[in-house]
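Data block below; observations after.
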Amino acid sequence: FSPSDVTVIFVLGGPGAGKGTQCARLVRDYGFTHLSAGDLLRAEQDRPGSQYGQLIRDCIKNGAIVPMEVTVALLENAMRDTLTSSNTKTGRFLIDGFPRKMDQAFKFEEVVCPAKMVLFYDCPEQEMEKRLLERGKTSGREDDNAESIRKRFRTFVETSMPVVDHYEREGKVVKVDSTPGPEKVYEETRKQLRRVFG
Ligand code: UP5
Ligand code: MG
């Protein structure tokens with residue numbers, strides 16, 4: 001990948017902060033390609049014959065981070081597929097829920113490209129917990145239960161926030177408070193994007 005061929009925005013935030021919800025709106029209005037690292041991992045977990053199925057399942061249930069080689073390869077493949085199938089050499093990607101550990105950040109920048117900006121959704125744990133427990137009633141996600149949620153929060157604070165801090169020092173972070181309802185958060189997101197991209 002050459003940075004001139006692709007534009008990458010990392011979308012970060014705690015579990016249940018609303019990354020996926022906001023990405024869907026950005027896709028609708030700006031034509032980004034949305035790649036959720038968690039969704040790619042869940043698809044790989046369920047792919048018959050995958051050698052990583054059990055590993056991914058265990059990590060997700062425990063809120064632990066899957067070894068970066070697996071996730072980076074899935075993202076790279078998905079980006080390549082998008083560029084090939086859309087028959088164009090340029091692509092704009094929202095990479096959702098990644099990188100959530102420093103080693104992933106460095107690896108991705110080495111083999112793919114640096115991100116143009118980082119959209120960081122900031123939300124109190126209490127609100128995120130409420131959302132995830134509510135979603136857990138119907139989502140079927142094996143990590144939407146009180147115990148897994150606690151572990152996900154811990155990993156986020158200890159391992160993923162340092163990534164946000166790293167990009168903050170690079171001046172790439174745009175922070176949006178995602179405590180209000182989805183429409184309000186999206187309004188603020190658009191405002192921030194206009195500020196950055198003009
Ligand atoms: N909701 C959304 N926005 C709302 C709002 N403003 N007001 C009220 N409700 C709102 O939203 C979550 C729920 O809240 C939904 O019901 C929604 O309607 C509601 P969503 O948009 O799905 O939030 P999101 O931030 O995407 O939450 P998600 O649960 O997907 O976050 P995680 O970061 O925990 O999950 P992800 O799929 O990214 O990762 C799962 C696991 O995969 C990780 O724990 C890890 O084990 C593994 N993983 C890796 O190992 N490596 C990676 O690189 C990535 C993931
Ligand atoms: Mg998500």
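Coordinate-derived values only; no laboratory data. A quick note: this is a predicted structure, and the numbers were derived from the prediction, not measured. Counting neighbours? That spans all protein chains shown, and the Cβs are built from the backbone with ideal geometry, glycine included.
A compact table of results
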quantity	calculated
Distant alpha-carbon pairs in the stretch 96-198 (separation over 18 angstrom), percent	57
Cα Rg over Rh - the stretch 21-102, Kirkwood	1.00
Convex hull of the stretch 71-140 built on C-alpha atoms - directionally averaged projected area, nm²	6.6
Order of ASP143, ASP81 - criterion: other Cβ atoms within 10 Å of each residue's Cβ, fewest first	ASP81, ASP143
Sequence-distant aspartates and glutamates (8 or more away, or on other chains) whose Cα lies within less than 14 Å of LYS151	ASP58, GLU125, GLU129, GLU142, ASP143
Reach of LYS137 by Cα under 17 Å, taken over lysines that are not fewer than 8 positions away in the same chain	LYS61
Spatial separation of Cα centroids for the stretch 1-47 and the stretch 150-164, in angstrom	19
Fully extended contour minus Cα-Cα distance, from LYS175 to ALA64, at 0.36 nm per residue	37.5 nm
Electrostatic dipole magnitude of the chain [Cβ: Lys, Arg +1; Asp, Glu -1; Cα centre; debye, to 20]	400
If the convex hull is drawn through the Cα atoms of the stretch 70-112, its volume per residue in Å³	70
Distance histogram in 5 Å bins (all Cα pairs of the chain, percent per bin)	1, 7, 16, 21, 21, 18, 11, 4, 1, 0
FRET efficiency for ASP103 and ARG25, using Cβ-Cβ distance with R0 set to 41 Å, rounded to 0.05	0.85
Ranked list, fewest to most other Cβ atoms within 10 Å of each Cβ, for SER85, SER178	SER85, SER178
